[in-house]
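A quick write-up on the structure given underneath.
Read-outs: derived from the displayed coordinates by stated rules, not from any lab. A quick note: this is a predicted structure, and the numbers were derived from the prediction, not measured. Note that we place each Cβ from the backbone using ideal geometry, even for glycine, and neighbour counts take in every protein chain shown.
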Amino acid sequence: MKRLFKWLGILLLVLVVGIGALFVHVWYFKPAKIDWFYGRVFAKFAVSSPEMLSSMRILPTWLDFYSDDLADASPAEDQRQFELVKESHDTLLSYDRNALDDKGKLSYDVLEYFLRLQVEGDKFRGYGFPVNQMFGIQSALPNFMADQHPVTNAGEAKNYVTRLGKFPAKFDQVIEGLDLYEGKGIVPPQFTVEKVLTQMRDFSGKPAKENTLYVTFKEKLDKIPADQMDPATRERFLGEVEGAINASVYPSYKKLIAHFEALAPKAQGNFGAWHLPNGDAYYEWCVRQHTTTEMKPDQIHEIGLAEVARISGEMDAILKSQGLAEGTIGDRVRELTKRPDQLFPDTPEGKQELIKRFQDILNDIDGKLGPAFDVRPKVGVEVRPVPEFSQATAPGAYYQPGAFDGSRPGVFYANLRNVAEMPKFTMRTLAYHEGIPGHHFQITIAQELTGLPFFRRVLPFTAYAEGWALYTERLAWELGFENDPLDNLGRLRDEMMRAVRLVVDTGIHAKKWTREQAVAYMLENTGMVETDVVAEIERYFVMPGQALGYKVGMLKILELRERAKAALGPKFDIRQFHNQVLTVGSLPMVLLERVIDDWIAKSKGA
């Protein structure tokens, strides 16, 4: 028996040493297999982002080393992350691509494209204004704590309190980076500084017990069964959260507010990317990053003008059929928007009814998509209002993916700051874009893929993701879900918005359009209400090129679909086309084109 235990001990030791040696080999040297390298790339980035790991929930609970921590946001960490990207790109290029099969070559090309873009863009570090009215630590961190940090037991509640206590260190790291960028002449637009200040003052200017960090924490505690947490423990945790908000969170905001107050005199004027050092080159890189094409700003501007003209004609016909023949497209759509039959009451009850209507639209289409889809996500989608403290500067709607372990559904957030921004005739197309079969299908199906490197399930490309969501707006109409002329007008209004984006984004950043000029153009052509237009235009100022991905991506997907129809004739099956688009993960447009062309060739030979 002693000899048996001795040999078992030796075998265990050999196993441990072997696993350790393999880990060292994979983590610190060029892995022998490229799939090991893919895993290492994702793992190295993941371990540096506790928030991402909490959001994705891909690790088993016994491997939870991250839930009480926050990611390093210092300039030194930014440099380390760049070095990791550069080293990963160099290592990838050292593998023999020709030795891979077709699926392997596609994975190689996706990662190479992504990493190369990041390496090329590093010279513009900080140009995206890390704290702005759309995103940044001042809104993203509390949103993460409220929406994604789980509190289902005492351990998770303790981690929540610990994370609140780490706000000061993270805010100091962000401020260090802002000082560095400002020293290089990277100053955000004036409206950005003003709105971030308002946002932060509103967030930190209320009693701790009224803050979303406390309110949502209490809501999570209340869902824990009574037999799993006694009242005294609940009260203790609530007291600790209140104390952490007052002792750690609010002082952190005070420091960032002081920083932006000092910045305000330097931010005089609202200028596009051209105003930044080497701004034209920066914008061209943004265009490449978000469209995943080699198109130039002038070319995109012209496409936008042509699309605006085409969509105007279709909208004009519907508006005239509704007795609206005079004035610009924008004026007439806004007139329709004001009709009482198109608006929900601007009351808490009316807003609840609006959210329910969105959910009903999603539930309805979800059960009727069999003719167009045979691959469906397993996880559902819910509609929720945008958190009140970020409504003023958040977009009209956005999608947040569910957890990989299925514990949290996908969420379509609707902004209820002004019910006039969401007239009833626009609701269907918005629900289809953000939910089903738009972002929810694309992102969740990607998360559920098997047999691919993990990075293929999570890597984002704007033109693919937003192009798909915009494509599904049109698809829903083609499938008969927007037969009412006003619903179709809502679809066209939103497609018009994406066409206008091609004009105003390039106008702001390449043609030196003013904020007011861009606002006027969008008001004239879309019919969106002014508060929504202003939020949109100000979004484009701080996210150059991102708004181009929608229409560019949609046009490419439509082009590929029509190419497949023409080539395959009666063999064309739209379900199989959608499978090709959705079951490969997010791709640059040039690689999606290759996937579809390969599928066409194989289908013709079948």
Quiz item: Over 23 Å between Cα atoms, which of Lys166/Lys254; Lys320/Lys356; Lys218/Lys255 qualify?
Solution: Lys320/Lys356; Lys218/Lys255
Quiz item: Considering only Phe129, Asn159, Phe144, whose Cα is most displaced toward the positive end of the charge dipole of region 115-160, charges sitting on Cβ of Lys, Arg (+1) and Asp, Glu (-1)?
Solution: Phe129
Quiz item: Taking a 28 Å limit on the Cα-Cα distance, which of the listed pairs Lys30/Lys158; Lys33/Lys565; Lys44/Lys209; Lys556/Lys602; Lys223/Lys378 fall beyond it?
Solution: Lys30/Lys158; Lys33/Lys565; Lys44/Lys209
Self-check item: Of the GluC sites (Glu not before Pro) in region 238-339, those whose Cβ has at most 11 other Cβ within 10 Å and which sit in DSSP loop
Solution: Glu294, Glu326
Quiz prompt | DSSP bridge orientation in the chain - percent antiparallel, rounded to nearest 5 | solution = 45 percent
Practice problem: Name the longest site-free stretch of the chain, where the excluded sites are trypsin sites (Lys or Arg not before Pro) in a DSSP loop with no more than 15 other beta-carbon atoms within 10 Å. | Solution: 34-183
Quiz item: Pick the calculated Cα Rg over 2.2 N^0.38 Å for this structure from [x] 1.06; [y] 1.01; [z] 1.44?
Solution: [y]
Quiz prompt | aspartates and glutamates whose Cα lies under 16 Å from that of Lys296, excluding same-chain neighbours fewer than 8 positions away | solution = Asp280, Glu284, Asp505
Practice problem: Calculate the translational D of region 128-271 in whole µm² s⁻¹ from Stokes-Einstein, where the hydrodynamic radius comes from the Kirkwood formula applied to all Cα pairs, the temperature is 20 °C and the viscosity 1.002 mPa s. | Solution: 132 µm²/s
Practice problem: List the aspartates and glutamates whose Cα lies under 15 Å from the Cα of Lys424, skipping any in the same chain that are fewer than 8 positions away. | Solution: Glu335, Asp341, Asp346, Glu353, Asp360, Glu482, Asp484, Asp487, Asp494
